[in-house]
1. State the number of residues belonging to the stretch 1-40 that are at pLDDT 75 or above, closer than 23 Å to GLY69 by Cβ and open to solvent by 100 Å² or more (accessible area, probe 1.4 Å).
2. For ALA55, indicate whether it is surrounded by 15 or more Cβ atoms within 10 Å (Cβ to Cβ) and more than 14 Å from the chain's Cα centre (by Cα).
3. Kindly check whether there is at least one residue in the stretch 62-78 that is over 14 Å from VAL91 (Cβ atoms), of a type in the set (Gly, Ala, Ser), surrounded by 14 or more Cβ atoms within 10 Å (Cβ to Cβ) and within 12 Å of the chain's Cα centre (by Cα).
Amino acid sequence: MSTIEKVQEEVAVEELVGINNEIVLYNDDVNTFDHVIDTLIRVCDHTSEQAEQCAILVHYKGKCTVKTGSYDELKPKCSQLLEAGLSAEIV
């Protein structure tokens, strides 16, 4: 016979408060891939590869989270996306 020993371990979990907001970009039939990519690079500080991947996800999946952070940080970025003619919201 063998003995199985179980060990209970405590793990500390830290939660960042206030950084759980996201800008979600939605698909539309108006904007070109180039416009979406250029806008994500300018507004959300994406790399060209990251912006292109987000544009593809938005096109095929209908939406994509393009930026996370605090509400106060995301509000002006979301406004700039909307002013550029994109469809986005903070969730």
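1. 1
2. Numbers: surrounded by 15 or more Cβ atoms within 10 Å (Cβ to Cβ): yes; more than 14 Å from the chain's Cα centre (by Cα): no.
Taking the combined requirement at face value, the residue does not satisfy it.
3. No, that holds for no residue.
The values are calculated or read from the model by the stated rules, or taken from the named source; none is laboratory data. These numbers come from a predicted model, not from an experiment. Using ideal geometry, Cβ is built from the backbone for each residue, glycine included, and neighbour counts are taken over all protein chains shown. Each accessible area value is taken on the protein alone, full model and side chains, heavy atoms only, with ligands, DNA and RNA left out. Shrake-Rupley method; radii C 1.70, N 1.55, O 1.52, S 1.80 Å.
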